[in-house]
Amino acid sequence: MRIGERLTRSPPVQFSLTGLVQQFRASPLQFLQQFGMTGLRGVLAWLLIAPLIAAVVYVALLPPLRRLARLRHTGQADDR
């Protein structure tokens, strides 16, 4: 959410988890009016960051997984 706030140049929203739960239980509609845009800013940040994280993880794991696949393949060939 903080990254989304920075991207949209919005002021930071102060909150606590217990306070959010209490506000939601008291009035879900008012909660959505108050924190809906903050949630959307968080979603925006994830939409921008998640592909980058996925690409880094993919590139980092591809070589060891290929090695593992080769080892398993040669191990199965030896068993025959």
On the first, second and third principal axes, largest extent first, how far apart are the outermost C-alpha atoms of the chain in Å? 66, 29, 17
In range of the label at R6: residues from segment 39-60 whose backbone nitrogen is under 13 Å from the point 7 Å along Cα→Cβ: 45-46, 49
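Kindly provide the helix-only [θ] at 222 nm of the chain, computed as the sum of -39,500 (n - 2.57) over DSSP H runs of four or more divided by all residues, to the nearest 500 deg cm²/dmol? Please list the in-between numbers first.
On the way: 3 runs with 68 residues, N = 80.
The per-residue figure over the chain is -30000 deg cm²/dmol.
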Between the Cα axis of helix 28-79 and the main Cα principal axis of the chain, the angle (0 to 90°, nearest 10) is 10
Taking all protein chains as present, what is the carbon and sulfur share of the accessible area of the chain, in % to the nearest whole number, probe 1.4 Å? 66
Pop the C-beta distance of V43 and R67 into the FRET formula with R0 = 30 Å and round what comes out to the nearest 0.05. 0.25
Normalised by the residues of the chain, what does the relative contact order come to in percent, with Cα pairs under 8 Å and at least six apart? 38
Tally Lys/Arg at +1 and Asp/Glu at -1 over every other residue whose Cβ is under 12 Å from the Cβ of G42; what's the total? +2
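The values are calculated or read from the model by the stated rules, or taken from the named source; none is laboratory data. These numbers were taken from a predicted model, which means no experiment stands behind them. Heads up, the Cβs are rebuilt from the backbone with ideal geometry, glycines too, and the neighbour counts pull from every protein chain shown. Note: accessible area is taken over every heavy atom of the protein model, side chains too, but ligands, DNA and RNA are not part of it. Shrake-Rupley method; radii C 1.70, N 1.55, O 1.52, S 1.80 Å.
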